[in-house]
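The block underneath contains the structure these notes are about, expressed in structure tokens.
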There are 6 protein chains.
Amino acid sequence: MARKSRKTKPSRLTHFDEAGRAQMVDVSAKPATERIAVASGHVTVARQTMRLIRAGQVKKGDVLSVAELAGIMGAKRTHELIPLCHPLALSALSVVLKPNLRQSRIDITATVKTTGPTGVEMEALTAVSVAALTVYDMCKAVDRGMVLGDIRLEHKSGGKSGTYERGR
Amino acid sequence: MARKSRKTKPSRLTHFDEAGRAQMVDVSAKPATERIAVASGHVTVARQTMRLIRAGQVKKGDVLSVAELAGIMGAKRTHELIPLCHPLALSALSVVLKPNLRQSRIDITATVKTTGPTGVEMEALTAVSVAALTVYDMCKAVDRGMVLGDIRLEHKSGGKSGTYERGR
Amino acid sequence: MARKSRKTKPSRLTHFDEAGRAQMVDVSAKPATERIAVASGHVTVARQTMRLIRAGQVKKGDVLSVAELAGIMGAKRTHELIPLCHPLALSALSVVLKPNLRQSRIDITATVKTTGPTGVEMEALTAVSVAALTVYDMCKAVDRGMVLGDIRLEHKSGGKSGTYERGR
Amino acid sequence: MARKSRKTKPSRLTHFDEAGRAQMVDVSAKPATERIAVASGHVTVARQTMRLIRAGQVKKGDVLSVAELAGIMGAKRTHELIPLCHPLALSALSVVLKPNLRQSRIDITATVKTTGPTGVEMEALTAVSVAALTVYDMCKAVDRGMVLGDIRLEHKSGGKSGTYERGR
Amino acid sequence: MARKSRKTKPSRLTHFDEAGRAQMVDVSAKPATERIAVASGHVTVARQTMRLIRAGQVKKGDVLSVAELAGIMGAKRTHELIPLCHPLALSALSVVLKPNLRQSRIDITATVKTTGPTGVEMEALTAVSVAALTVYDMCKAVDRGMVLGDIRLEHKSGGKSGTYERGR
Amino acid sequence: MARKSRKTKPSRLTHFDEAGRAQMVDVSAKPATERIAVASGHVTVARQTMRLIRAGQVKKGDVLSVAELAGIMGAKRTHELIPLCHPLALSALSVVLKPNLRQSRIDITATVKTTGPTGVEMEALTAVSVAALTVYDMCKAVDRGMVLGDIRLEHKSGGKSGTYERGR
């Protein structure tokens, strides 16, 4: 895990005021700049579930398209779900789900853009999470053992804290 | 992964009709029974992040309480987020976050109950996911490398498909 | 327009009290019975738009699947959109969009079920409307002249007011 | 149907990427300009329903005011209902419902303004649709045969695609 | 303040578990019974504001109707606003706003009914609050000094805790 | 009650057009400026309730933290609750609840900032109201006689109508 950005990090959690009270951080002094965030994650599924998902993809009943759409719609509601997130006007949003046969899982990537005073990391992570939950929902009748994992930020740019690139 | 329930599983994904069209499954013939679901997951954090979270817990600025509340509130909106989920009247909902020092992660468990014709697995998994996302949001200024992982169903009971208990 | 049900109709609008004040009608004395509603409508599109929609259907970029999903999700929010609608637990919900080549339009049908004290006509009509709006949104860059039309109740059964079947 | 704008239209549906995957179109390169959209539609009602609606207007129980308000509130939620719509800050929004006695219908017009990178056609069309659905809801106890029709864009201006004026 | 009900009250706050963690109280063992709650409150306004409100009532621009509708719609979202409230199917909901000339205020009363395992006190109080906020919003351009006050429960019946009647 | 700003006030309610129809006021010609609003209010509670609240604060089960968070989250939804409010991107939001032992009440203050064409008075007042309702919800099992009162604007600055400061 290598961080590309070398800005000094705050020594305390900024979502609390000095009395320890949760607050929405004041971003009024921050300029509106273009910001991008990419997040990823996956859903590990049984081999038989993977077969059903892929059958739907090529023929009918496409789980992955439904989950991509759910991820997009979920990301638009990030500020309603995450208590201290700022409401934001998003300028681009895409969610991609791909079957990873070797590891028997569905790989998910979400990319979000905004022009605003705060970043869109939470929107990207929420898109991945909601897409993953939707895969679970649509396949749970055949596979309750699925696991959502490795949901994380891959990349972020724009804003005062600079660029973050997840190491490999 | 051992399944305790021995019901026959459907051979196709029930969220699609015979033409491959997504649909909300018809539950009108199912009786309203008491149903419980337990889900779990965790957020892996840097050692320094764990210190900040624990400092807030004992003193002020409690990340874990905020995330527990977000998980509860998020679970109530499951049917808005997950396209084919039925709206449900939930009868109990709790979310517990605990620091796991040895593995430097926050462990999350959600328990949901309803009396209705469908289960609450998705509500429990959504509660865990939203709580995990909230931990990420509140600590991201100090730690962008956090990872949400192992979000999964631990237990489910009630309903025709019987009891499911995740194996160890 | 022939009505199959022969119940006496109220002589005033029941959504207002005697002082003319809007209210959510009291349904507490009504028994919970199974209720079904079917609504329909269509979006008239240019010939070239129809070609693009059909190309997506057979290959990629399926407008109709997205709109079906939007209709389902929109129906779940009927009580938030329509001021005096009761919140309801829906037990089944499907939305079907079909290209009607002869009339160059997309035909939409929504079917909704509940077991409750009020009907689901509004949910079915909302599903059709949101699906139709979604078709418009996805094709508007190539065709701003599309028209949403003939959104209406086709069938309703269950409840004190009996069965309604739209005449031909 | 005459189009006043003479811009070249895209040859494919922009809401899908090259792999046919639904996406929220990237508007980050588009400047924020003032944009206006006007949409219209109507609800055809039985003569007796029209009498009840008009009685409420002059005296009490005003269906049209309730529907106008519902249209305004519904338009603010367009991006939640329509999967690929961008969330937008609206700067003006009005919905007008008028009884059209000759054709026994309620005529609806919605006008929406924003200063932003995308248009507000969907907001105007959603306002009309939700207002129309609300008329249906409030009169359905006396008239299940009402029909929502001719919901369409009348005018749009601002943005790269120029002005659109519906022909007569 | 006299309480009519003589049930023993809990000695601790039931919305927390024994570890002090917020939770949605388990109501799965409680039977679904009919429950009613009535709440009231008022908005104190300047004399000139009262004149404008009353002018709108008799002629046009009716603040009170808009606020009544907002109260009804707001009450349906109580469980989204109040973190530990259970989602409920409401069976009746009315909000009444009346000008009180002598005290230069708008008096508000909300009545809510449900058949369920928990009460609707919060729905009634939320209806009053949202209606009051709406009066403020609609008159704030002429009167920023308005005050919302005395928002309280007047009556509650149904459920294990019995009937509550506010003393005079 | 002294007003510090001396701007001329409108002689009619701006939320209605000349025909008395409710509308979202056109703010498209107003420049985006920084705006702040502060609102306050309180919940009067029984002495015993105050003891329980304070016990939770120092030890566990902190009503005030939950209510602060609910106020923040509620404020983000102001435009959904208040029919004619504009959706706004908020840049800062904090809610503070403090026990006032002498008067046996919980004092609430909310501060909201935006950079936009309209003010955030309604967001501040909504934050106070939702926080107050949450206190009621969490303590209602022990005290149904609590009263929400004196919810009002304390300060507002930015925008054409200038600064407002509530007199003492």
Which chain D residue puts its Cβ closest to the axis that rotates D onto B, and at what distance in whole Å?
D:80, 4
Note the angle between two axes, namely the Cα long axis of helix E:47-58 and the longest principal axis of the Cα atoms of chain E, as a number of degrees from 0 to 90, rounded to the nearest 10.
90
If each label sits 7 angstrom from Cα along the C-beta direction, how far apart, in nm, is residue E:102 from its counterparts in the other copies?
3.3, 5.4, 7.2, 7.2, 8.3
What is the mean number of Cβ atoms from other protein chains located within 10 Å of the Cβ atom of each residue in peptide A:120-128, rounded to a whole number?
3
If only Cα atoms are counted, what is the Rg of chain D, and what is its Dmax, in Å?
17.7, 58
What is the ratio of the Cα radius of gyration of segment D:63-127 to 2.2 N^0.38 Å, where N is its residue count, to two decimals?
1.19
How far apart are the residue D:165 label points across copies, placing each 7 Å from Cα toward Cβ, in nm, shortest first?
5.0, 5.3, 5.3, 6.8, 7.5
Given a 1.4 Å probe and every protein chain left where it sits, what share in percent of the accessible area of chain D is carbon and sulfur?
52
Sequence neighbours fewer than 8 away in the same chain don't count; with that in mind, list the aspartates and glutamates whose C-alpha is under 13 Å from residue D:160.
D:34
Considering only C-alpha atoms, what is the centroid distance from segment E:101-162 to segment C:95-168, in Å?
37
How big is segment D:20-92 by Rg and Dmax over its Cα atoms, in Å?
18.1, 54
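Would you mind getting the accessible area per residue of segment D:33-165, heavy atoms of the protein chains only, 1.4 Å probe, in Å²?
Numbers: 3710 Å² over 133 residues.
So segment D:33-165 comes to 28 Å² accessible per residue, rounded to a whole number.
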Give me the inter-chain shielding for F:151-161: mean count of other chain Cβ atoms within 10 Å, whole number please.
3
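Remind me, relative contact order of segment A:33-165 in percent, using alpha carbon pairs under 8 angstrom and six or more residues apart?
Numbers: 289 pairs, mean separation 56.7, N = 133.
So the answer I get is 43 percent.
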If you put +1 on each Lys and Arg Cβ and -1 on each Asp and Glu Cβ, how big is the dipole of the protein assembly as shown around its Cα centre, in Debye rounded to 20?
0
Could you report the buried accessible area between A and B, both sides summed, computed with a 1.4 Å probe and given in Å² to the nearest 100?
4900
Please compute P(r) over all alpha-carbon pairs of segment F:71-168, binned at 10 Å starting from zero, and give each bin as a whole-number percent.
15, 44, 29, 10, 1
Mind pulling the per residue volume of the convex hull built on the Cα atoms of the protein assembly as shown? Å³ is fine.
157
Buried by at least 50 Å² relative to the chain on its own: which residues of segment D:76-107 qualify, computing accessible area with a 1.4 Å probe on protein heavy atoms?
D:76, D:77, D:80, D:81, D:82, D:83, D:87, D:91
I need the inter-copy label distances for residue A:26: point set 7 Å along Cα to C-beta, values in nm with one decimal, smallest first.
3.5, 3.6, 4.5, 5.2, 5.9
Where does helix F:121-139 land angle-wise versus the long Cα axis of chain F, in degrees 0 to 90, nearest 10?
20
Tilt of helix A:63-75 relative to the longest C-alpha principal axis of chain A, in degrees (0 to 90, nearest 10)?
20
Run the quick spin-label model on residue F:17 and residue C:165: label points 7 Å from Cα toward the beta carbon, then report their separation in nm to one decimal.
4.4
Estimated 222 nm signal from helices in chain D, with DSSP H stretches of n ≥ 4 weighted -39500 (n - 2.57), rounded to 500:
-9000 deg cm²/dmol
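Are there any trypsin sites (Lys or Arg not before Pro) in segment E:73-123 that are in a DSSP loop and have at most 13 other Cβ atoms within 10 Å? List them by number. Display every interim value, and only then the final one.
Details: sites: E:76, E:77, E:102, E:105, E:113; in loops: E:76, E:77, E:102.
Counting only loop positions with at most 13 other Cβ atoms within 10 Å, the trypsin sites (Lys or Arg not before Pro) in segment E:73-123 are E:102.
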Answer in debye to the nearest 20: the dipole magnitude of segment A:33-165 about its Cα centre, from +1 Lys/Arg and -1 Asp/Glu charges placed on Cβ, is 460
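The values are calculated or read from the model by the stated rules, or taken from the named source; none is laboratory data. Keep in mind the model is a prediction, meaning the values are calculated, not measured. Every residue, glycine as well, gets a Cβ built from its backbone with ideal geometry; the counts of neighbours run over all protein chains shown. The accessibility values were calculated without ligands, DNA or RNA, using every heavy atom of the protein model including side chains. Shrake-Rupley method; radii C 1.70, N 1.55, O 1.52, S 1.80 Å.
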